[in-house]
Amino acid sequence: MTELSKIRKFDLNIEEVLENWEVFHALREIIANALDEQILTETKEIKIITEGNIIKIRDFGRGLRYEHLTQNEQEEKNQNPDKVIGKFGVGLKDAFATLNRHKIDVVVNTKHGDIELEKTAKSGFDDILTLHAIINPPSDPNFLGTEFLLKGCDNEELSKAKNLFLKFSGELVLEKTKYGEILSKKEKDGNIYINGVRVATEENFLFSYNIKSMTPTMRKSLNRERTNVGRTAYADRIKGILLASKESTVAKILAEDLDKYEEGTQHDELKWNEVCVHACKILNSKSKVVFVTAQEQFIEKDLVDHAKRDGLEVVIIPSAIKQKIEGMVDIEGNAMREVSQYQQEYNESFEFEFISESELTHDERKMFARKDKIMNLVGGKPKVVRDIKISEKLRIGSTVCGVLGVWDGSSTIIIKREILDSLDSFARTLLHEVAHAESGCPDVDRGFEIKLSEYLGNISAKIIKL
């Protein structure tokens, strides 16, 4: 009689244990094994269906053997730690014991044999009953994969089991790193998965995470149920996943949450300053941004407005993070663009190409000659203005609004040649820069606005008197 043609009893060496395990824990182990087999054998998707009072869970791999019911670690799974969910044969034995305790009939069909469960005397010890796997000859020697038939199992338990898997969660992968995956949350809470199995829930996390590389601390902290794992077990790995991130999608979501930092209502990932800094580094390398504190929005409003006109996105960051990124470089070696860096870039972006009046066209010279008449409308040329120069170009790098004039802050107004084509453009640009020179104030400043208002009053009075 061949091994496949006779009934054999495999002692699982289990009496009454695992009192804390529920049916869904057992279903989780069966589903995990099916998913592992699908991954390792690169076969088609597993099937989970309900027919009447029977739940069927099937993979299309190599088929379960009785050897898989031992408690030894499976070498193949150990060699693929970043792919598989389970690594210890004890999980399936626990599942069998739990299902048996809850009076659920189990049949397993494979080409290697059909398996049922039975409490029977331990070999050589008739007074001790243990759970045995009864290995029957295969009903179909050509059966593909492994099929579990569970009779009397509640569908609610199946739903609870499936909810423990990333595969069935509907959460999308935003980014993959060498330590794991950052996921978009589907629900309010964030989920923590290890190789696709949920082990914890976080109420105040911005993302969900799938850890693919466990630390020694995590391995020690995982209980047999792999549920309710404390944050101290995985916090360092979550931090590592975020610090290994390089995608702007994740960084932008983190940066948006920084707005809540000063109020203390940010998500918990933003309580790690190194994560905040790293998010800023990614954004700096991937996007046209400038980092500004809430206070700088008002103090440096003129500069911030220039940045916006240059097509830069203003990202509000806490003062504590601003101090950390000053003088830093991003993940590609570029200087971090906070306010002082942008000020330097802005100043360096001016590139003058001066031309003399003799190089102007006849019409341009006539227009430029009106400068004194225009300034006389507001009291004449201020003493601080010693010269007015013309440049073919003023500034490079401005993507939205070109600069038409500039006060150099000491003695000279410089205007761009192209505005000499229009009296309106020339007059308003010249008076704008004269107002800067007289007031000593930047754009969108109270002092600058007062000076412009004075000009409006002077000009209006002259026109009305005329």
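Observations
- Residue that is nearest to residue 212 (Cα to Cα) [pool: residues in the range 36-56 that are among the acidic types (Asp, Glu) and surrounded by 13 or more Cβ atoms within 10 Å (Cβ to Cβ)]: 36
- Odd one out for residue 129, checked against (1) within 47 Å of the chain's Cα centre (by Cα); (2) modelled with pLDDT under 95; (3) in the same structural domain as residue 26 (by TED's automatic domain parsing); (4) not β-branched (Val, Ile, Thr): (1)
- Taking the criterion of being hydrophobic (A, V, I, L, M, F, W, C) and in contact with a strand residue (DSSP E or B) (Cβ under 9 Å, 6 or more places away or on another chain), the residues of the range 304-334 that qualify are 304, 307, 312, 314, 315, 316, 317, 321, 325, 328, 329.
- Evaluation of residue 452 against the conditions (1) in contact (Cβ under 8 Å) with a residue 60 or more places away in the chain; (2) of a type outside the set (Gly, Ala, Ser); (3) part of a helix (DSSP H, G or I) shows that the sole unmet condition is (1).
- Pairs with Cβ under 8 Å, 6+ apart, first in the range 182-194 and within 15 Å of residue 168 (Cα to Cα) and in the same structural domain as residue 204 (by TED's automatic domain parsing), second basic (Lys, Arg) and modelled with pLDDT under 95: 191/185; 191/198; 192/198; 194/226
- Only residues that are buried (at least 16 other Cβ atoms within 10 Å of the Cβ) and either charged (D, E, K, R) or assigned to a loop (DSSP other than H, G, I, E, B) (or both) were counted in the range 353-376, giving 3.
- Pairs linking a residue in the range 368-391 that is touching a residue at least 60 places away in the same chain (Cβ under 8 Å) and over 15 Å from residue 412 (Cα atoms) to a residue that is charged (D, E, K, R) and surrounded by fewer than 17 Cβ atoms within 10 Å (Cβ to Cβ), with Cβ atoms under 8 Å and 6 or more positions apart or on different chains, are 377/462; 378/454.
- Which numbered condition residue 246 fails, given (1) buried (at least 17 other Cβ atoms within 10 Å of the Cβ); (2) modelled with pLDDT of 90 or more: (1)
- Checked against (1) in contact (Cβ under 8 Å) with a residue 24 or more places away in the chain; (2) farther than 22 Å from residue 367 by Cα; (3) not in a helix (DSSP H, G or I), residue 409 passes all but condition (1).
The values are calculated or read from the model by the stated rules, or taken from the named source; none is laboratory data. Keep in mind that this is a model prediction, so the values were computed, not measured. Cβ sites come from the backbone with ideal geometry, for glycine too, and all protein chains shown count toward neighbours.
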